[in-house]
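A short worksheet on the structure shown next.
Nothing in this text is a laboratory measurement; each read-out follows from the coordinates by a stated rule. Fair warning: this is a prediction, and the values are worked out from it, not measured in the lab. Note that each Cβ is placed from the backbone with ideal geometry, even for glycine, and that neighbours are counted across all protein chains shown.
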Amino acid sequence: MTDPFAVTMEMDRYLEKQARDPRPRPAFPIRPRPGDDRSYVAARLDDMVADTLRTSPALDYPYIAPGAIYDSVWTWDAYFTGLALPLQHLDHFVGSLRILLEAIRTDGRAASLVEPDGTANYDHMGQPIHAQWALAAIRRTGTEEWLAPYWPALVATRDWHRRECSGRRGLYRWTDESGSGIDNDPAIYGRFGGTVGLVDMNCFHVRELDSMAALAELLGVSGAGEYRREAERLRQAINAFMWDERAGTYRHLDLSDLHRTTHQQVTWEVPLQVGTWGCLFPLWTGVAEPALADRLITEHVLNPHRYLSGFGIRSMAADESMYNNVAMADPSNWQGPVWGLSTFLTCYGLARYGYRTEAVRVASRLVNLMADDLRANGTIHESYHADTGAPLFNPGFISWNLLARRVLDDLEAGVDPTALD
């Protein structure tokens, strides 16, 4: 019997093309295995939830920390962790957001993290995530009375992004040299801030604008219509200008204004030809047009020579020249290793566009690998070697890995806890 969890999955849409591919298959010394370890992993993660729950005398609310060596309130770590927290701990989900909302400066700049001593860090941009977080918190807790005082801060940070990050074609630029969350994405790492339009961050902005519209309606304040129109304009710009028709994938763009020219005005955007997980964000966020999503999924996501690993989704396509699985931090390595976030969000995206069976199979690979890690090492790690499954870094890193508590059930039931619709 064919093993459905082997490196080349049985997918009618893909096998014919792969049969004509002369390249050898990647080797996986630890073979992806069949089985369903979701219950075991969920139970063990339930025991580890306490490692993410923190309080501090310097902070007014309980909060979520990623675990391992980290004890601060980080933006997207706390957001995605909170989406999987058991209901009895949602005060930490809301508390983390309130800490970050109260750290937004008067000019609207958001902090990327807040330390346990109350110090807010503005050295890097915080992801545009606050409004979607607020909406998720309201939906998970069923209460909204805490939100109204924070509406001015949400408006201020949206205005800051418009003022400081807007680029050509209605797209947003990333203003830092690194720190988008996908730390060493070659599209931005080491490049001058304010010069790159990242696919992932533009998709975050679409979700944020849609969430601002929903919150404005909930609060009965003005602006919902404009936020919704702005979201649609950005959605169209991503599909029009970030899609590479020849390659069948989305591309980050060089949006620099630092041009040395003679007489011709620069009226074009140069795509950055590197395939990173950030280029897959239009799937999870629902930004991708259906026909484009089909190409992206069949030609890239489910391609074992690109993103599909025997253990989940690679954070960089395997045929990129800088692909590697080095264990490192500061920056964390997103140039190849399998991460819980890259795998699970991509699987939600697969399911969104009708590839539910494939999504379950891919997510199962990482859930089973986490089970093997727990049995062998008593914990889970921050990332895993995409070609061997070996744990790479930071034992005890819980963070968004907590999504393993629910991802398979969600995918099979058609539930997306991170979707707006």
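Observations on the structure shown:
- Result for the chain in a Gaussian network model with C-alpha springs under 10 Å: among Phe192, Phe204, Phe393, the largest mean-square fluctuation is at Phe192.
- Nonlocal amide H pairs with Tyr250, under 5 Å, H built at 1.01 Å: Asp244
- Simple Cβ-charge dipole of the stretch 65-194, Lys/Arg +1 and Asp/Glu -1, about Cα centre, in debye nearest 20: 680 debye
- Here the peptides 109-119, 278-288, 380-390 are ranked by packing, the mean other Cβ count within 10 Å, and the order with the highest first is 278-288, 380-390, 109-119.
- Between Ser39 and Glu232, the simple label model (points 7 Å from Cα in the Cβ direction) yields a spacing of 4.8 nm.
- Between the stretch 384-421 and the stretch 70-116, the Cα center-to-center distance that results, in Å: 19 Å
- Estimated purely from DSSP H runs of n ≥ 4, each contributing -39500 (n - 2.57), the mean residue ellipticity at 222 nm for the chain is -12000 deg cm²/dmol once divided by its residues.
- Phi angles of the stretch 268-276 translate, via the Karplus equation with coefficients 6.51, -1.76, 1.60 and θ = phi - 60°, into HN-Hα couplings of 10, 10, 8, x, 8, 7, 9, x, 10 Hz per residue; Gly and Pro are given as x.
- For the stretch 206-213, backbone phi angles converted through the Karplus equation (6.51, -1.76, 1.60; θ = phi - 60°) give residue-by-residue couplings of 4, 4, 5, 5, 4, 5, 4, 4 Hz, Gly and Pro being listed as x.
- Rh by Kirkwood over Cα pairs, then Stokes-Einstein D for the stretch 41-190 at 0.692 mPa s and 37 °C, µm²/s: 203 µm²/s
- With R₀ set to 25 Å, the beta-carbon distance separating Thr143 from Ala291 gives a calculated FRET efficiency near 0.05.
- The GNM of the chain, with springs linking C-alpha atoms under 10 angstrom apart, assigns the highest mean-square fluctuation among Arg352, Arg260, Arg158 to Arg260.
- Loop-resident sites, the stretch 81-165, for GluC sites (Glu not before Pro), counting at most 15 other Cβ within 10 Å (DSSP): Glu144, Glu145
- Cβ-placed point charges (K, R +1; D, E -1), dipole of the stretch 227-344 about Cα centre in debye, nearest 20: 160 debye
- Cα-based Rg / Dmax (Å) for the chain: 20.7, 66
- Nonlocal amide H pairs with Tyr307, under 5 Å, H built at 1.01 Å: Ala318
- Rounded to the nearest 20, the size of the Cβ-charge dipole of the chain about its Cα centre is 840 debye, with Lys and Arg at +1 and Asp and Glu at -1.
- Amide H contacts of Leu113: Asn121, each under 5 Å away and 5 or more positions distant or on a separate chain (H built 1.01 Å from N in the peptide plane; Pro and chain starts excluded).
- Förster radius 25 Å - calculated FRET efficiency between Met328 and Ala419 (Cβ-Cβ, nearest 0.05): 0.15
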